[in-house]
Amino acid sequence: MANPDRLKSRLRDGGISRRAFLKYCTTLVSMLGLPSGLTSVMAQTLDRIKRQSVIWLSFQECTGCTESLTRSPAPTIENLIFDFISLDYHHTLQAASGEAAEQAREHARDSSRGKYLLIVDGSIPIADGGVYSTIAGVSNLDMLRSCARDAAAIIAVGSCASFGGLPQAAPNPTGAVSVGNLMERGDIDQKPLVNISGCPPLPTAIAATLAHYVLFNGLPALDTLGRPRAIYGNTVHERCSRLHFYEQKKFAKDFDDEGARKGWCLYEVGCKGPLTHNACATVKWNDGTSFPIESGHPCLGCSEPGFWDRGEFYESLLAKDAVAETSDLDSAESGRAVFEHRCVYCHASGPKPFRTQADRIPHLFQKNPSGVHRLNVSEQELDDLVSYLTRIDRNGQR
Ligand code: SF4
Ligand code: SF4
Ligand code: F3S
């Protein structure tokens, strides 16, 4: 008889064949950058595991992250895994409401202390005592604090929970912050934290991180922004199907010009793919059907911090207008503008973590030894950037 506590039974009941499941495990293993020999180990482990206790809290969000994982015309392996692991408590999907829902969360927390995974989507508003988002009269911050205390690890799903996202866009009236911000400030307990950024994130990225957790009882290796390195290690650009047009300098200049119709590169209509780290171009969306660039839309950089405020969506990274308006400022101020329009895509947390000394920055661009500084930055802009970083150094800010 089928055992509903086993993923194997659930997948079979959901119409997923063994072959499709193994193929899916191959995708997860490759996405996590693991040796291919681990595919069968992952399949066996996922078959065997008992339900991982998960508490999923949704704060200031649009439900897009949850929908990304669960909306599908047919059962997918992702939503079956999601359903399998997330039954303990989920703000949006649970059947319970009112007091029963509150009790369900407390029960999930009390019965798996120290063992449950806490998944958070949405940012947390902290302005004015957190009044902008409460659940059953409890502020999001208080609820997160109490659930984080006994969690084994926390997964911030989506750019809102990872970096503040849309709710944090200027002027950020609710004082929205990310889970990581709260940990840094000491407002919630320090726990292992992984950011699965994207607006929304790829369902496979969430599933792969969960699979890694149950397989190795821990989180995968992370990049400097706390994202799984294997999933966010490459830019969208590096794997883009239009890359050959970029290299041939064939660019669409408008959304309905001949270049756009011929599928040329979207760099000059604002594509942020060269500076956006995500696996969209390889994993794609809707069961591998397509991704924004393939369907004619530039990458908006949705998996990078501050993507709403930093760099207009449809402004080319080459556009000079953005910094031209700052020509009456001194060099250091102009350099700040260069930083805020160009460097933020990769160095969004500010110039603090730059390891390179200010006077070595021009060398980075001119010789490009690391192969990552592809932006076209003029000599003047480089000088300004150096002035800005030198001023920061002088003031002891990095
Ligand atoms: Fe919605 Fe995007 Fe925030 Fe997810 S990250 S909750 S999709 S706004
Ligand atoms: Fe790069 Fe964007 Fe052009 Fe693709 S469309 S090659 S990601 S700039
Ligand atoms: Fe987001 Fe760009 Fe992918 S906008 S969905 S990271 S192509």
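Read-outs: derived from the displayed coordinates by stated rules, not from any lab. Just so it is clear, the model here is predicted, and its values are computed rather than measured. Cβ: placed from backbone, ideal geometry, glycine included. Neighbour counts: every protein chain shown.
Some values worked out for this structure:
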{"item": "Prolate/oblate/rounded call for the stretch 177-334, Cα gyration tensor, a/c under 1.5 rounded", "result": "oblate"}
{"item": "Karplus-derived 3J(HN,Hα), 6.51/-1.76/1.60, for each residue of the stretch 13-26, Hz, glycine and proline x", "result": "5, x, x, 8, 6, 4, 4, 5, 5, 5, 4, 5, 4, 4"}
{"item": "Amide H partners (placed H, <5 Å) of ALA153, local residues excluded", "result": "LEU118"}
{"item": "Integer Hz, Karplus 6.51/-1.76/1.60 couplings in order for the stretch 36-44, x for Gly and Pro", "result": "4, x, 7, 4, 5, 5, 5, 4, 5"}
{"item": "Mean separation of Cα contacts under 8 Å, 6 or more apart, over the residue count of the stretch 234-319: relative contact order %", "result": "32 percent"}
{"item": "Amide H contacts of ILE188 (H built 1.01 Å from N, under 5 Å, at least 5 apart or other chain)", "result": "MET183"}
{"item": "Listed peptides 233-245, 291-303 by packing density, highest first (mean Cβ within 10 Å)", "result": "291-303, 233-245"}
{"item": "Peptides ranked, highest mean first, by Cβ atoms within 10 Å: ranges 221-231, 115-125, 56-66", "result": "115-125, 56-66, 221-231"}
{"item": "Cα gyration tensor, the stretch 234-319 - rounded (a/c under 1.5), prolate or oblate", "result": "oblate"}
